[in-house]
1. Residue check: is Pro9 within 25 Å of Leu101 (Cβ to Cβ), exposed (fewer than 14 other Cβ atoms within 10 Å of the Cβ) and not assigned by TED's automatic domain parsing to the domain that holds Glu92?
2. Considering segment 17-59 alone, what residues qualify as being surrounded by 14 or more Cβ atoms within 10 Å (Cβ to Cβ) and over 22 Å from Thr6 (Cα atoms)?
Amino acid sequence: MGTSLTVQPFAGLVGLAQEGVPRVLINREGVGGLGTRGDDVLVLGECDDGVRRVAEACGWLGELEGLWAGMVAEGEREEEDVGKEEGKGKDEALNEEIEQLTREVDETLRWAKWHEERVRGEGSKDGEGGGAGKGKYEVEGGHLGHVFGAQRGDGKKEGEAG
């Protein structure tokens, strides 16, 4: 939903869906190559309207309206908080939130990898990969580098001889 598909790493997610897996885009305009497969669903227009159209088609409109009614007051408070941030526009506040979420996803993936290695007996018992310092799977700059091939300072990928 929305324009997250123009921001990495989210923009790459569209191509990860296997053939035969429906992809749904709710956005003002088509992006990311969506619409090229027979099972792609594009709901173009305002995001809220698109979500309502999908919910109605699925028979969930009443439940959606109830959830939205309960969140209106909370959502209005959040918008006020975003607007009050000193010298920050909506786009800048949104970008900061995206960066924070990316860091959190990165940390979660790092812990998942560490846990997987521990379960398989590949990780050390001293907690390598976890904790406050840089772990084995955290790369300079973060942003899921360990997933998409972290680069060392010499331009080679991690694990390459060199």
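1. So Pro9 does not fit the description; no.
2. Arg52, Arg53, Val54, Ala55
The values are calculated or read from the model by the stated rules, or taken from the named source; none is laboratory data. As the structure is a prediction and not an experimental result, all values here were calculated from the model. Cβ atoms come from the backbone with ideal geometry, glycine included; neighbour counts cover every protein chain shown.
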